[in-house]
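Notes to accompany the following structure.
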Amino acid sequence: MSIAFIDLQAQRKRIENEINAAVKKVIESGAYVMGPEVKQFETQLAAYSGAKHALGCANGTEAIVLPLMAWGLRSGDAVFCPSFTFCATGEVVPWLGATPVFVDVERDTYNMNPDHLVAQIERVLKEGKLKPKVIIGVCLFGQAANYPRLREIADQYDLKLIADSAQGFGTTINGKHPSDWADCVTTSFFPAKPLGCYGDGGAVITNDAALTEVMDSLRVHGKAVASDLQGRTFEHDTKYLNMRVGMNSRLDTIQAAILIEKLNIFADEIDKRNVVAHRYNDLLRPHVASVPFVKPGFISSWAQYTIEHDNRDGLAAHLKAQGVPTAVYYPVPMHMNEAYRRWAPPAGELAVTEALAERVISLPMHPYLDTATQDRIVEAVRSFNG
Ligand SMILES: *Cc1c(COP(=O)(O)O)cnc(C)c1O
């Protein structure tokens, strides 16, 4: 039997009846855009994340641009983010005319290196061309970045902090979610993410009520929200007032209905992913250069299970021949991609990022990966003598 890299059908079978009923209900209700399921899901998502507010939006990319727009980011502003990430993290920065400043990652967790962040902030300040404004930390492969330390740095330099948790939704640090430290947490419901829907979707989670209101306006063409209307009277239906230049970035009602069902089993799925990861770690450790490192007190949501190997490409070919699918996240760091090269820092600044891009390889990972299949995968890795 062929092995799935991420087996979404196994999950579908578990909650098939619930999801089918939820989708049917929305179709019959006719409330396709901003139906009641969106609000219900937002309330449940905020509760799950231990935060006061959650706003659905169209995808995990626009989830990152919404707070940046709300904070009025513009030309001349610097946004610090890793280069070792999915491109969406930094992609939204030039949308607003601002400049991405790439920061190297830690050798063991692959997440933003706080010391290198400080060095980059100091370099930007010394150069005097850009104004440091925002830090975007990423929960790469499922593990939270060092948000307590990133918060201290953000406070020291008066910067905003976003946690791009598209891969790490559900990750915790000593039982607390990234929203405890970040001004907002963004996530994606792309199907392959830990909490995925059946299409595109995203959300922003925050404890900041004023930010929530502005983002709620921005996601619907800059509509008037309560604070815009307070103490004023308007001649026309306030529904069609535009108070700021916004966009159309709503979470689809059908996707919200699906996500309500998936959120019900999400904590259990994270537990299951952790069981798989720990077993993989024990069995693979003797055979590869490194297995994933999760810091004490941190719980990963295991978007990916990523190992390092000195002959990564040889291992990938060998596993493919054995019927084991793999993927490389990410073979080309952001600053080495054509679109972003112009923002590359001086050579050598992102040495860890560049080394990792040559060495990492991700193995099949999902909550329903049974031990027999794990054993087949481990055996295939073991049988490689490259
Ligand atoms: C997937 C992903 C995104 C973007 O999410 P989309 O829903 O695909 O727009 C952003 N950041 C990271 C780290 C991601 O993995």
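The values are calculated or read from the model by the stated rules, or taken from the named source; none is laboratory data. This one's a predicted model, so the numbers in the text were calculated from it and none came from an experiment. Reconstructed Cβ throughout: ideal geometry from the backbone, glycine too, with neighbour counts over all protein chains shown. The protein model used for the area step is the full one, side chains on, heavy atoms only, and it has no ligands, DNA or RNA in it. Shrake-Rupley method; radii C 1.70, N 1.55, O 1.52, S 1.80 Å.
Go through the stretch 192-211 residue by residue and tally those that are crowded, with 24+ Cβ neighbours inside 10 Å and polar (S, T, N, Q). Going through the stretch 192-211 one residue at a time, the tally reaches 1.
Among residues of the stretch 133-153 that are in the same structural domain as PRO82 (by TED's automatic domain parsing) and at pLDDT 95 or above, those with a beta-carbon under 7 Å from a residue that is within 11 Å of the ligand (Cβ to nearest atom) and among the hydroxyl-bearing types (Ser, Thr, Tyr) at least six positions away or on a different chain give the pairs ILE136/THR89; VAL138/THR85; VAL138/THR89; CYS139/SER165; LEU140/THR85. Does ALA182 satisfy being over 17 Å from ASN59 (Cα atoms) and assigned to a loop (DSSP other than H, G, I, E, B)? Against the criterion (over 17 Å from ASN59 (Cα atoms) and assigned to a loop (DSSP other than H, G, I, E, B)), ALA182 qualifies. Close contacts from the stretch 228-250, counting a first residue that is closer than 18 Å to LEU218 by Cβ and a second that is open to solvent by less than 70 Å² (accessible area, probe 1.4 Å) and modelled with pLDDT under 90, with Cβ to Cβ under 7 Å and a gap of 6+ residues or different chains, come to LEU229/THR238; LEU241/PHE234. When you look at GLY246, is it under 30 Å from ARG376 (Cα atoms) and surrounded by 13 or more Cβ atoms within 10 Å (Cβ to Cβ), yes or no? No; evaluated as a whole, the condition is false for this residue. Looking only at residues in the stretch 309-348 that are within 30 Å of PHE80 (Cα to Cα) and small (Gly, Ala, Ser), which one is most open to solvent (accessible area, probe 1.4 Å)? Checking each candidate, the answer is ALA347.
Every listed requirement among (1) buried (at least 22 other Cβ atoms within 10 Å of the Cβ); (2) of a type in the set (D, E, K, R); (3) closer than 24 Å to LYS131 by Cα is met by ARG219 save one, (3). At pLDDT 95 or above, open to solvent by less than 30 Å² (accessible area, probe 1.4 Å) and assigned to a helix (DSSP H, G or I), is that true of LEU55? Against the criterion (at pLDDT 95 or above, open to solvent by less than 30 Å² (accessible area, probe 1.4 Å) and assigned to a helix (DSSP H, G or I)), LEU55 does not qualify.
Taking the numbered list (1) part of a helix (DSSP H, G or I); (2) outside the structural domain of ASN174 (by TED's automatic domain parsing) in turn, VAL324 passes all entries but (1).
In the set (1) part of a strand (DSSP E or B); (2) open to solvent by 20 Å² or more (accessible area, probe 1.4 Å); (3) farther than 22 Å from GLN156 by Cα; (4) not β-branched (Val, Ile, Thr), the condition left unmet by GLN44 is number (1). Residue count for the stretch 33-67, restricted to those that are of a type in the set (S, T, N, Q), more than 13 Å from the ligand (Cβ to nearest atom) and touching a helix residue (DSSP H, G or I) at 6+ places or on another chain (Cβ under 8 Å): 3. Just wondering, is there one or more residues in the stretch 223-236 that are assigned by TED's automatic domain parsing to the domain that holds LYS131 and surrounded by 24 or more Cβ atoms within 10 Å (Cβ to Cβ)? No; the residues of the stretch 223-236 include none that is assigned by TED's automatic domain parsing to the domain that holds LYS131 and surrounded by 24 or more Cβ atoms within 10 Å (Cβ to Cβ). The listed residues are ASP282, ASP271, and the only one of them that is farther than 30 Å from ASN17 by Cβ, open to solvent by 70 Å² or more (accessible area, probe 1.4 Å) and either modelled with pLDDT of 95 or more or among the polar types (S, T, N, Q) (or both) turns out to be ASP282. The lone criterion from (1) within 11 Å of the ligand (Cβ to nearest atom); (2) surrounded by fewer than 24 Cβ atoms within 10 Å (Cβ to Cβ); (3) within 16 Å of GLY50 (Cβ to Cβ) left unmet by PHE169 is number (2).
Out of everything in the stretch 295-308 that is open to solvent by 20 Å² or more (accessible area, probe 1.4 Å) and part of a loop (DSSP other than H, G, I, E, B), what residue ends up being nearest to the ligand (Cβ to nearest atom)? Among those that are open to solvent by 20 Å² or more (accessible area, probe 1.4 Å) and part of a loop (DSSP other than H, G, I, E, B), it is GLN304. Count of the stretch 44-102 residues, restricted to those that are under 18 Å from the mean Cα position of the chain (by Cα) and of a type in the set (D, E, K, R), is 2.
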